[in-house]
1. On the basis of being outside any helix (DSSP H, G or I) and either modelled with pLDDT under 90 or under 17 Å from V459 (Cβ atoms) (or both), does I282 make the cut?
2. Restricting to the range 78-96, and then to whatever is open to solvent by 30 Å² or more (accessible area, probe 1.4 Å) and acidic (D, E), can you tell me which residue is farthest from N147 (Cα to Cα)?
3. Please determine whether any residue of the range 381-389 is touching a residue at least 24 places away in the same chain (Cβ under 8 Å), surrounded by 15 or more Cβ atoms within 10 Å (Cβ to Cβ), in contact with a His (Cβ under 9 Å, 6 or more places away or on another chain) and more than 23 Å from E439 (Cα to Cα).
4. For the range 223-236, what are the residues that are surrounded by 12 or more Cβ atoms within 10 Å (Cβ to Cβ) and of a type outside the set (S, T, N, Q)?
5. With respect to Q127, is the statement that it is surrounded by 17 or more Cβ atoms within 10 Å (Cβ to Cβ) and in contact with a strand residue (DSSP E or B) (Cβ under 7 Å, 6 or more places away or on another chain) true?
6. Working only within the range 151-204, note down all residues that are among the hydroxyl-bearing types (S, T, Y) and free of Cβ contacts under 8 Å to residues at least 24 places away in the same chain.
7. Tell me, which residue of the range 336-361 that is modelled with pLDDT of 85 or more and of a type in the set (K, R) is farthest from V387 (Cα to Cα)?
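The values are calculated or read from the model by the stated rules, or taken from the named source; none is laboratory data. Quantities reported herein were computed from a predicted structural model and do not represent experimental measurements. So basically every Cβ, Gly included, is an ideal-geometry build from the backbone, and we count neighbours across all protein chains shown. The accessibility values were calculated without ligands, DNA or RNA, using every heavy atom of the protein model including side chains. Shrake-Rupley method; radii C 1.70, N 1.55, O 1.52, S 1.80 Å.
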Amino acid sequence: MIKKGIGRQIVMHYFIVVFVTLLLVEVIFMFAIRSYYYNSISTHLENYAAWASDYFQKYVKQNEDDELSYLPDMIQTFKLVNTEVEIVNGDGVVLTNSTDFQVDKPVQTSDVLQAKAGNISKWIGRQPGTGELVMAVSSPLKVNGTNKFIIRYVTSLELVNERLMNITLLSIVVGVIVLAVVLLFSMGLANSIVKPINNIQAVSSQMAKGDFDVRVKGDYAYELGELAATLNFMAQEIVRSNQIKDDFISSISHELRTPLTGIKGWSETLTMGGFDREETEIGMKIISKETDRLIGLVEEMLDFGKLQQNEMKLVIGSVNIVELLQEIMLNVWAKAELKQIQLKLEGEISEPVVVSGDANRLKQVFLNIADNAIKFSHENSTIYLIVAKSAEMAFISVKDTGIGISEENLRRVKDRFFQVNHQGGGTGLGLAITQQLVELHKGELKMESELGAGTTVHVSLPLMKSED
């Protein structure tokens, strides 16, 4: 007995479909074979009756005074094997037959009535007296152009019905064998589906309990294989996300501890007093710098949280990209000067390149890109900010000749919490936030990099249309 579940449903559905199909085929087949046998017999009798009628008209001497004398000879001429031949008058009285059996009552079946009207007709029914199932075919015999007699062929259908019954029994046996094969096949098919599902279910239950090191084992085909691969990939991604989360917590803890340690240390030191004005200013500057750094970290995490929850609101207006980049160059100039890095703005900068966007958020995007370029560039190098445009898009590229990014890391550098260099500081959210901000502006961010040769960041943004 198959227990309840998808396995039983598969078996039942297959079995019911095949059973109904076989039943319909059996019924149609039996009707067809019965019609074939019956039609073959009736056609044979009708052809013979038609021949008898023609023969009677052409070769029998038409003598009404002596017509009954040659009817017995006609019976011998027209008789068939396993078939009774009767010659009947217009009233249905049997004048003579091939069996010499005396029929007391007139024959009033439909075939005789139709033959009386001049047509060859067939009748199937029970023979009076014996109750035997027979088929009768009647045809008129004309004398001087009038329907004088009727020749009637009567044959038993018992033997045919017996053969039909044997064929029916054989077809039922074949149907039962087919159903048994289908049942075994459907059970095998159900097991081939249910067993992988049970395996996947067991693994998913372990994952639900927090064990993400388990994997679905087995090479399954089609959708089950895709489901198993998806579940394994999900577990792998969860493990990777957990590792990233742990790295992030470790990194952010360090990042938060550093400015807090500086702030706490200098605040305690200044509280003690006894310092001159110059030392006090140095301490206050460090506290202010570390506070700004701490605020930046917190804001970065808040921005990322808003983006993840789709709560980031943009204040859309017209933004001149050329002016925005010039402002950014001024903002990062001091940091670039420390490493003797030159910033150059090139491309189509002779006229405004206006896009539709949030000026503060776009400034955040390009500040982050420029800051990364400075952070990972060599001293005495040059960073290029290049502006171009087409009929509908503005293209901004930030190109440096710094340390570059390996091909493996380049595929992951925009993932959240990922850091190429963990000693470089930061939360690993900068590029993830940058990409999402660009996508919110219906733009696109791409990166090209070669380890040791530098990195180019391409940002494309839609130009402001005249109707905007």
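1. Working: outside any helix (DSSP H, G or I): no; either modelled with pLDDT under 90 or under 17 Å from V459 (Cβ atoms) (or both): yes.
Against the criterion (outside any helix (DSSP H, G or I) and either modelled with pLDDT under 90 or under 17 Å from V459 (Cβ atoms) (or both)), I282 does not qualify.
2. The qualifying residue farthest from N147 (Cα to Cα) is E84.
3. no
4. L224, G225, L227, A228, A229, L231, M234, A235
5. Working: surrounded by 17 or more Cβ atoms within 10 Å (Cβ to Cβ): no; in contact with a strand residue (DSSP E or B) (Cβ under 7 Å, 6 or more places away or on another chain): yes.
No: the conditions fail for Q127.
6. Kept after step one, since they are among the hydroxyl-bearing types (S, T, Y), are these residues of the range 151-204: 153, 155-156, 168, 171, 186, 192, 204.
Scanning the range 151-204 gives a single hit, S192.
7. So the residue we want is K339.
For every residue, the table says whether it meets (1) surrounded by 15 or more Cβ atoms within 10 Å (Cβ to Cβ); (2) at pLDDT below 85.
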site	(1), (2)
A373	yes, no
E408	no, yes
G424	no, yes
L429	yes, yes
